[in-house]
1. Mind listing whichever residues of region 331-350 are open to solvent by less than 20 Å² (accessible area, probe 1.4 Å) and either of a type outside the set (A, V, I, L, M, F, W, C) or touching a Lys or Arg at 6+ places or on another chain (Cβ under 8 Å) (or both)?
2. Within region 88-102, how many residues are among the hydroxyl-bearing types (Ser, Thr, Tyr) and open to solvent by 40 Å² or more (accessible area, probe 1.4 Å)?
3. Testing residue 127 on (1) part of a loop (DSSP other than H, G, I, E, B); (2) closer than 15 Å to residue 172 by Cβ; (3) not aromatic (Phe, Trp, Tyr), one condition comes back false. Which one is that?
4. So is residue 143 out of contact with any strand residue (DSSP E or B) (no Cβ under 8 Å at 6 or more places or on another chain) and under 26 Å from residue 211 (Cβ atoms) or not?
5. Quick one: would you say residue 57 is of a type in the set (A, V, I, L, M), at pLDDT 95 or above and in a helix (DSSP H, G or I)?
6. Look through region 174-197, keep the residues that are over 21 Å from residue 106 (Cα atoms) and at pLDDT 95 or above, and return whichever of them is surrounded by the most Cβ atoms within 10 Å (Cβ to Cβ).
7. Cβ-Cβ below 8 Å, separation at least six or inter-chain, first residue in region 82-96 and within 18 Å of residue 56 (Cβ to Cβ), second in a loop (DSSP other than H, G, I, E, B) and among the charged types (D, E, K, R): which pairs?
8. Cβ contacts < 8 Å: first residue in a loop (DSSP other than H, G, I, E, B), restricted to region 149-162; second residue among the aromatic types (Phe, Trp, Tyr), any location; separation 6+ or different chain. Result?
Amino acid sequence: MTDRRSFLKTAAVAAASAVAIPRLGKAAEVSGNSGLLSMTGNPDDGSRLIVPKANGLRITGTFLDEISHDIPHQNWGEKEWDADFAYMKAIGIDTVIDIRSGYRKFITYPSPYLLKKGCYMPSVDLIDMFCRLAQKYGMKFYFGLYDSGKYWDTGDMTYEIEDNRFVIDEVWEMYGSRYDSFGGWYISGEISRKTKGAIDAFHALGKQCKEVSGGLPTFISPWIDGKKAIMGTGKLTNDQAVSVAEHEREWNEIFDGIHDVVDACAFQDGHIDYDELDAFFSVNKKLADRYGMQCWTNAESFDRDMPINFLPIKFDKLRMKLEAAKRCGYDKAITFEFSHFMSPQSVYGAAGNLYDRYKEYFEIE
């Protein structure tokens, strides 16, 4: 018998094939506002929004995901990436973050160390390209550390320390010392709660990043073990979701152990429900303030409420998350991730529509 979840997945795959149509490059330059009357503000502003505009925290950073295992590669060359940086710049993005410099055997740059370890030679040096484009568009580039996959296999983050000791040193020599755009480090291990070796790994890697680069900032982007934390479980909801009190207690311990070498924490915002945002966001801000860290939000621009992974998010969901971040006094909003889920040239046509709705809401010309 076909259960509901299997049926929905099958139907969603068929629907996605119809949705995943790229917009033509010129389409991004054409306003979708012609002739509409506004229900709020100037009747000629081309919007029918019935909520206050620009009431959320603007997205000023994005991950760059070219080493992924769960979203499609867009196979862009430098021409497409250059155009995407221009689209980012147009909405105020000033920070780009390579989400990981490698995952298992696939890597983003010709790492002498990782190639000797059996990783595959990339056809393009993406790190060099990202640094150059960030410099061209006046952005800061954060380098994401290497993910060997051993943490996902074992649940122990200490395995990620050894390879990254070499990666950090060689990347600083190859790019950090050459490009003014090289602005910081992303410690790429993703955890949700007290995880074996996490404090030791975050501290060791954060310390080395800072020492080699003269104190450039570091950040992490963990996830909240909420009701939507169901990846790989086969469930519709997480029946062991963390409470707000448990979340505060566990992350107080983690922040206490890493705050001297980790400057910011950007919790992923998609694993909790929309009516839980303020409760968890308030705790995150309180903890960050307690330990002198910046409180960022990773405003996910893909939709976790769909029976298929992953499609661009409904605009209202993104709006609600950004409004909660502003209410709670967050310092910065970044997203995972612009190029697939918000870009006018994404393989998903809906991403360009999200870009247009975002511009309307924040009144960006």
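1. Step one: filter region 331-350 for residues open to solvent by less than 20 Å² (accessible area, probe 1.4 Å), giving 333-335, 337-344, 346, 349.
Within region 331-350, 333, 335, 337, 339, 340, 343, 344, 346, 349 meet the criteria.
2. Taking region 88-102 and keeping what is among the hydroxyl-bearing types (Ser, Thr, Tyr), we get 95, 101.
Add one more test, that the residue is open to solvent by 40 Å² or more (accessible area, probe 1.4 Å), and what stays is none.
Matching residues across region 88-102 total 0.
3. For residue 127, the failing item is (1).
4. Working: out of contact with any strand residue (DSSP E or B) (no Cβ under 8 Å at 6 or more places or on another chain): no; under 26 Å from residue 211 (Cβ atoms): yes.
No.
5. For residue 57, the condition - of a type in the set (A, V, I, L, M), at pLDDT 95 or above and in a helix (DSSP H, G or I) - is not met.
6. Filtering region 174-197 down to residues over 21 Å from residue 106 (Cα atoms) leaves 176-184, 191-197.
Among the residues that remain, those that are also at pLDDT 95 or above are: 176, 178-184.
On the way: 176: 25, 178: 12, 179: 17, 180: 10, 181: 20, 182: 23, 183: 21, 184: 21.
Looking at residues that are over 21 Å from residue 106 (Cα atoms) and at pLDDT 95 or above, I get 176.
7. 91/58; 92/58
8. From region 149-162, the pairs are 149/103; 157/151; 157/202.
The values are calculated or read from the model by the stated rules, or taken from the named source; none is laboratory data. On a predicted model such as this, the values are computed, not experimentally measured, just so you know. Glycine gets a Cβ as well: all are built from the backbone with ideal geometry, and neighbour counts include every protein chain shown. Just the protein is used for accessible areas: all its heavy atoms, side chains included, with ligands, DNA and RNA removed. Shrake-Rupley method; radii C 1.70, N 1.55, O 1.52, S 1.80 Å.
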